[in-house]
Every structure is written in C-alpha cells, then in structure tokens.
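Chemist: Have a look at this one before I ask anything.
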Amino acid sequence: MKNIRSFAFLAVCFIQSQICHAQNPLINSQFTADPTARVFNGKIFLYPSHDIPCGKGQGYIGFCMADYHVYTSENLTDWEDHGVILTQRDVPWVDSTTYSMWAPDCICKNSKYYFYFPAIAQDSAINRVRRIGVATSTSPFGPFIPEKNYIPEIRGIDPNVLLDKDNQAYIYWAHNKQIYVSKLKENLLELETDPKIIETPTNKFKEGPFVFERNGKYYLTYPFVNDKTEQLVYGMGDHPMGPFEYKGLIMKESPNRCWTNHQSIVNYKDQWYLFYHHNDYSPKFDKNRSAKADSLFFNEDGTIREVIPTWRGVGITNAVNRIQIDRYSSKSEDGASVEYLDTLNYKKGWKVIFNKTNAWVNYNSVDFGKLKLKNVAVNARAASGGKFEIRLNSLNGKVIAKGELEKSADWNSATFRLNNFVSGLNHLYFIARSSDQFEVDFISFE
Ligand code: FUB
C-alpha cells in the first residue's frame, strides 16, 4: 500500500460539468422518470420527465413535474445534462400551478425536432383533464417552442410518436385504461384521423405506449398492472395501427414496489436497449424515480426476451473513472452485500460490504485502453482491516493487485501497485481474502 489519504465522498455526477459517469440508475443529479431514448446524429438523447419533491399542495398524488431536461451519451456510461428544454411556465395553454408535465417523447423529421408532452390545460384544470401538446426546435437540445394550444382531439397522457419508413407519423397515448392511436398530418402537429382504441387483452390499467418497428414488425409496448404494480408487456403486429397480438412480459414488477414503470426501446450501434425507471434513489417514496437501461434481446421469431433489471446496466467503464463495484454484474451469494452509503441521502449511492473470506463481486466491461496504468485506488472503510485481491476475467484469473486495507473507522482512499500491465477490455473480480468486515465504495485505476 503506498499511502492513505482521507476520503471525502464526491458524487458520481460531477455537477459543474453536468456529466454523470453512471451505471444503473443512469443519472443521480436529479430524478429522471419515463425515459424516452432516441438516437439523433449518432448519439443517444434521453428525454425523461423530471420528478421533484412536491411542495405543500403541489402536484397530484405525489407527482410533481415542472420541466424537462435532455441528456446525451455516446457511450451509455457518461451522461451529459444539457439543461432545461421546456418548462410549464413557457407553455401558453398549460396551467403552471399543476406541475403536470408527465412522460414526453421527441422525434425528428426533415431536420426539425418535435417534442410531445402531456399536461393539465388552463381551460380544464378543475377537472384535471390531461392534454397533449407539441413544441418544436431546430435542435434536439432545444429550446423547444410550444404551439399555442394542445392537440384538441386528444385527452390523455404519455404521448409516443412513431415515424414510419414511409414518413407517415402515428401518435399513441393513454387514457382511461386504454391505448389510442391516430395518424398525424404531415406537419406532425395535427391529427389526420380520429382517435382509435387499440385492442389489448384486458381492461386492466395500462399506460405509457411506446411503439417501434423491427424487421417489418411493429411492437406495441406498455406498462400494465396485472397484479400490484406495473410490469412491462408488449404485442406485435404488421401495421402501426394494429392489431397487435399480445406476446407477454418484457419486465416484471419492480422489486422495490415502484408502482409505475415506463419504457422506451432503441437500437444504438447494433444493440437494442430497454430504458425504464425504478425508484432506486428514493426507496421509500415511489414518485421520485430514476432512469435505468439494460440490453434487450430478441428471439429468432422476433419475440422479446424478458429483461431482468441489473445494477451494472450498459456501457463500458473507463478504468480511470470511478468503478462503482456495488453496481456489480454478479456476486457471491454469501459475504458480499450492497447497501446505501447514506440513508439520509440516497443519491450518494451504494457500497459493497464484505464479511467473509473469498466473497466476491464481479464488474464487467472495464476498458484499460493502452495506457500504462500503475496503481489501483480502493475507496474503503475497514475498522478491523481487510485483505483483498483483484483478478481479471474470472475468479481464477490473473491477479492484478492485492493488498491489505489499513484499520480505519473512516473512509479512506488507498493506492496499491498493479502487478501486471493491463490493457483492453476486461471483467474485474474484487475478492475478499479475509473475514474481517470491510466496505468498498469504488475503485479506480491510475
Ligand atoms: O410520470 C407520470 C406518469 O407515471 C407517467 O405519465 C406514467 O407513464 C407513469 O410513469
């Protein structure tokens, strides 16, 4: 061990540069629900809704949403917040006392960007009627300029727009347990056809439609309450307006009993991803949600394989960044558990607690590039000390570092020499080699 220095917690998301290096959840600088991911100009653009804690008398059943931000990423690991793109104050028809800017969508046609969002209108605030409006921009970063009025024929929430291969656009939304569709006119601002209900197998609660096309098949995906909370399900069809044959589950109910879930599915650099939300940064209040992403795979017949939510999420982690091993890919059943760092501030994230010899966590896809990295810094708290090893690619793989953590009741960052030159993409195994309890927040290579 070379040195120990006092370690003060720094958020994973560096607020000044507005960049988060994150796994699941993707963003910890604020709550991000209903994540719609789109690919524009070779980047992923994420248009979530923005949960904020409600002030007294604000919002509806705990939902308070006043504006939208847009985030981008090229590697699905570093997420940049580009700030507010639209707020309730700036929309002429929205009742800006209602904090009702729920799940949005954004699409691009002929280099113009169309942002669709629901909210409660001034003319119907007493009955809390939800309407859907459009705002446009010449840039995916906004600012988006709202139309003067909402789309008059639509009552509902969760707009989603599919721009089909022939450039015909369809708008989907949810209202009263039903999912609706209409064709949009060429201007993407008005309906061309009357709203039509899409047949779904039951009359149970559903919302959040998201439709995409793959190999000539259209997939209608939506959150649906079959038991206690929302699961994600889908149907497949040959036409954007249906019918869609029900196919089943994409994701089970949230393990943490977050009542809502809300999805988008996107292909980026030849891999499909599911974006969704859970309440990981707000485990006791499920109206403050956070966006997550996991890889999604299809069977040969085009059906979707169930997606099991992971902590590791997606994307490659640069070895010199913080490697949050509590966002593990896999771990031993015994002796390695994950807990919040600070239950008074969940957004600080998590730590791994080791208390058994040979307990381990595995964190996949770390890029060491070609740099000559010499040390690993381990951010740990070890009241009774503790021994560890870091191996590559399997539990029996090459040992690249090992060491002994100094006894300390406080968090410390200690650096240890690497035994071997490491390059390229590797999977890490962090293994406890003593039975003393110690905790690790993150490691990084330097
Ligand atoms: O975010 C508010 C509402 O919760 C969305 O509109 C629904 O889809 C659900 O996620």
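The values are calculated or read from the model by the stated rules, or taken from the named source; none is laboratory data. Fair warning: this is a prediction, and the values are worked out from it, not measured in the lab. FYI the Cβ positions are ideal-geometry reconstructions off the backbone, even for glycines, and counts take in every protein chain you see. Areas reflect the complete protein model, heavy atoms only, side chains present, ligands, DNA and RNA absent. Shrake-Rupley method; radii C 1.70, N 1.55, O 1.52, S 1.80 Å.
Chemist: Taking the alpha-carbon centroid of each part, what is the distance from region 391-423 to region 26-74 in angstrom?
Modeler: The two parts, judged by their Cα centres, are 37 Å apart.
Chemist: Also, I was wondering about something else. Provide the solvent-accessible area of Glu306, counting protein heavy atoms only and rolling a 1.4 Å probe, rounded to the nearest 10 Å².
Modeler: Spelled out: Glu306, probe radius 1.4 Å, area about 80 Å².
Chemist: Picking from Asn279, Asn24, Asn396, which is most flexible by a Gaussian network model of the chain using Cα springs under 10 Å?
Modeler: Judging by the Gaussian network model, the answer is Asn396.
Chemist: Further question: With a ≥ b ≥ c taken as the square roots of the eigenvalues of the C-alpha gyration tensor of region 24-296, please select rounded if a/c is under 1.5 and otherwise prolate if a/b is larger than b/c or oblate if it is not? All intermediate terms of the calculation are to be shown ahead of the outcome.
Modeler: Numbers: a/c = 1.13, a/b = 1.05, b/c = 1.08.
Cα axes put region 24-296 in the rounded bin.
Chemist: Sticking with this structure for a sec: Give, rounded to the nearest 20 debye, the magnitude of the charge dipole that the chain has about its Cα centre when Lys and Arg contribute +1 at Cβ and Asp and Glu contribute -1 at Cβ. All intermediate terms of the calculation are to be shown ahead of the outcome.
Modeler: Working: 51 positive and 49 negative charges, 245 e Å.
Dipole about the Cα centre, nearest 20: 1180 debye.
Chemist: Between Asn355, Asn187, Asn364, where does the largest GNM mean-square fluctuation fall for the chain, given springs only between Cα atoms within less than 10 Å?
Modeler: Looking only at Asn355, Asn187, Asn364, the biggest GNM fluctuation is shown by Asn187.
Chemist: Taking the chain as a Gaussian network, Cα atoms linked when under 10 Å apart, which of Leu371, Leu189, Leu418 shows the biggest mean-square fluctuation?
Modeler: Result: Leu371 has the largest fluctuation of those listed.
Chemist: A further question follows. Given Lys165/Lys196; Lys374/Lys407; Lys387/Lys407, which pairs have Cα atoms separated by over 18 Å?
Modeler: Lys165/Lys196; Lys374/Lys407
Chemist: If you don't mind, there's one more thing I want to ask. Please report the carbon-and-sulfur percent of the accessible area for region 317-445; probe 1.4 Å, protein heavy atoms only, DNA, RNA and ligands left out.
Modeler: Working: 2360 of 5560 Å².
The computed percentage sits at 42.
Chemist: Same structure, new question: Tell me which residues come under 5 Å, amide H to amide H, from Asp95 once H is placed; ignore anything under 5 positions away on its chain.
Modeler: Ile120, Ala121, Gln122
Chemist: Let me ask you something else. Per the 1.4 Å probe, what fraction of the accessible area of region 124-244, in percent, lies on carbon and sulfur atoms? Let's see the in-between values first.
Modeler: Details: 2500 of 5250 Å².
Its accessible area is 48 percent carbon and sulfur atoms.
Chemist: Provide the net charge surrounding Glu192, with neighbours chosen by a C-beta distance below 10 Å and charges set as Lys +1, Arg +1, Asp -1, Glu -1.
Modeler: -1
Chemist: Let me spell out the model: positive unit charges on the Cβ of Lys and Arg, negative unit charges on the Cβ of Asp and Glu, origin at the Cα centre of region 317-445. What dipole size does that give, in debye rounded to 20?
Modeler: The calculated dipole for region 317-445 is roughly 500 debye.
Chemist: Which of the lysines could be linked to Lys287 by a straight reach, that is with a Cα gap under 17 Å, when you skip same-chain ones fewer than 8 residues away?
Modeler: Correct list for Lys287: Lys56, Lys228, Lys347.
Chemist: Follow-up. Output the pairs from Lys269/Lys348; Lys284/Lys348; Lys109/Lys183 with a Cα-Cα distance over 25 Å in this structure; if there are none, say none.
Modeler: Beyond 25 Å between Cα atoms: Lys269/Lys348.
Chemist: Straight-line reach from Lys217: which aspartates and glutamates have a Cα under 15 Å away, not including same-chain ones fewer than 8 places off?
Modeler: Candidates past the 8-residue exclusion: Asp164, Asp166, Asp238, Glu245, Glu300, Asp301.
Chemist: Also, quick follow-up: Find the accessible area per residue for region 296-417; the probe is 1.4 Å, ligands and nucleic acids are left out, and the unit is Å².
Modeler: Per residue, region 296-417 has an accessible area of 47 Å².
Chemist: Pick out, in residue order, every one of the trypsin sites (Lys or Arg not before Pro) in region 360-438 that is DSSP loop and has at most 16 other C-beta atoms within 10 Å; say none if there are none.
Modeler: Lys370, Lys372, Lys374, Lys398, Lys407, Arg433
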